[in-house]
1. Pairs of alpha-carbon atoms within less than 8 angstrom and 6+ residues apart define the contacts here; what relative contact order does segment 175-334 have, in percent?
2. To the nearest 0.05, how large is the calculated FRET efficiency for residue 543 and residue 277 if R₀ is 35 Å and r is the Cβ-Cβ distance?
3. Of all DSSP beta bridges located in segment 211-326, what percent are antiparallel, nearest 5?
4. I need the peptides 206-214, 613-621 ranked by packing, meaning the mean over residues of other C-beta atoms within 10 angstrom, with the highest value on top.
5. Take every Cα pair under 8 Å in segment 488-584 that's 6+ residues apart, average their separations, divide by the length, and report that relative contact order as a whole percent.
6. How far apart, in nm, are the 7 Å Cα→Cβ label points at residue 626 and residue 491?
7. For the modelled label position 7 Å from the Cα of residue 186 along Cα-to-Cβ, which residues of segment 50-71 have backbone nitrogen atoms closer than 12 Å?
8. Calculate the spin-label point distance for residue 193 paired with residue 291, positioning each point 7 Å from the Cα along the beta-carbon direction, and give it in nanometres.
């Protein structure tokens, strides 16, 4: 068969297969054209998820007759004025997209420029253009796309259900609405309004409408720039996560992208702090020199290629980690709301019946409660978190005087554990006397009680906290391990019997390239025999642990990641293994804590990064305010 030129309509239909995958693809191209035309208001009407009808009405600059005629031709565009593909300042390519769309659907375009007395209209059906005719329309462009893929019915079967296609359309609209906060977007589907954001709305309002109504109060503001890159936007608290990554919004030079490098970087940022099946939420804008990013590596323009991808990832990791660490320990608002909703008023409460023989001893016990520090206490009372008698006397006592800065006498939980037995009754009582300052100065306040030998109740001036002692202690221990590693302070010990591990040849090659990284984590590995490694030293804190299994698990990641595995991935894999060790080495459920121990644990939580959740992402404390309680008891 001889080689020949394809029919122009067929060429456009082939292009449509790359550019126009589904209704959302059409929608993105048309909205981007409106934005490039300077529109400040865009109205979008959809039917059946965009499969049967898409309408875009904008107030942009519009087109004259010559531009209208050319806009549906292939490779005709106003978007590359200097013919430089690496200096693209616009979003779309009007000619390419409209030519492809009009070859597989019925397209109507009505447009008017400011100086024109009447609008102009052009229809294209299956690639066949009509003549341009006068029309009535306000300034801007009005485009309708009907019966998508009617000219190529074989592609119709690849479209999903109306709900799925609508979801894809809304994802496109929401991302573009975030990247252009000074443009109004109004969206309806089957005559029902789905989104309405005005140009006058604050960006936080737009975030609440697009991402979630509570994202703003659970987000950290990010603002960083240097000579290489600027990073601006919001990232979620580590306790605010979603079940999928579809709430991660990235923009490169104001263009929405779904880039593997960026999503992977965010995953590494949250790796230590959230469950593996959960995902952080973000809305981040990256701005850099257009010459450093290729925007044309994907027909749909959703992926980009960075010239210095490694540097961009390292900067993003460093910046986001820094903002997370600078943010105060805080639990997300939805946890507090869930806790509040868990409290339900009792409909009926039958008071217990006490006989006089029971009431009298109770009254006597109340009257005889201790009033002075010199009163003797039993050893059991001193080690109990909150006995009945102590809870009564604590109501009139004052709490310890603490200072968050410059208090050399402040003890950590571990120090309190070691020294508690040396405290006299007078010292313990004196510690309880400084309550007012603790309530005023410490974020988590003063410990009041321990519930079920597992949960601590603490009080501040206007709120109280429910603290999971195991989750909190687990994070404290884990952060201590990480700090030793980062500061090269981790202690190693020789293994009495070195561990020999069999590895595949290509895994051995990658392992040898990262021996120095293993050493930083406290492991001394050497090649041994053929396709074998020997572990001669390991961190002292891993005494009596299964070192061979830990290293084998880490080496498995070399086989999965291959040559792409680097220092960041290696660190995340090793820390993941150490995380489980931290879980078993921390304060457990069911352990009684004294008041001193509880307060020491609270002070450590306040000064430890990410102590608001355990290593697995579960919250370590929940905050409820005085007003929450007043609502619960119908006082407000």
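Values quoted throughout were computed directly from the atomic coordinates according to the rules given, and no laboratory measurement underlies them. Small disclaimer: the values here were computed from a predicted structure and weren't measured. Glycine also receives a Cβ, built like all others from the backbone with ideal geometry; neighbour counts cover every protein chain displayed.
1. Answer for segment 175-334 is 22 percent.
2. Numbers: r = 32 Å, r/R0 = 0.90.
E between residue 543 and residue 277, to the nearest 0.05, is 0.65.
3. Numbers: 19 of 24 bridges.
DSSP beta bridges in segment 211-326 are roughly 80 percent antiparallel.
4. 613-621, 206-214
5. 31 percent
6. About 4.7 nm, to one decimal.
7. 57-59
8. Once both label points are built, they end up 4.8 nm from each other.
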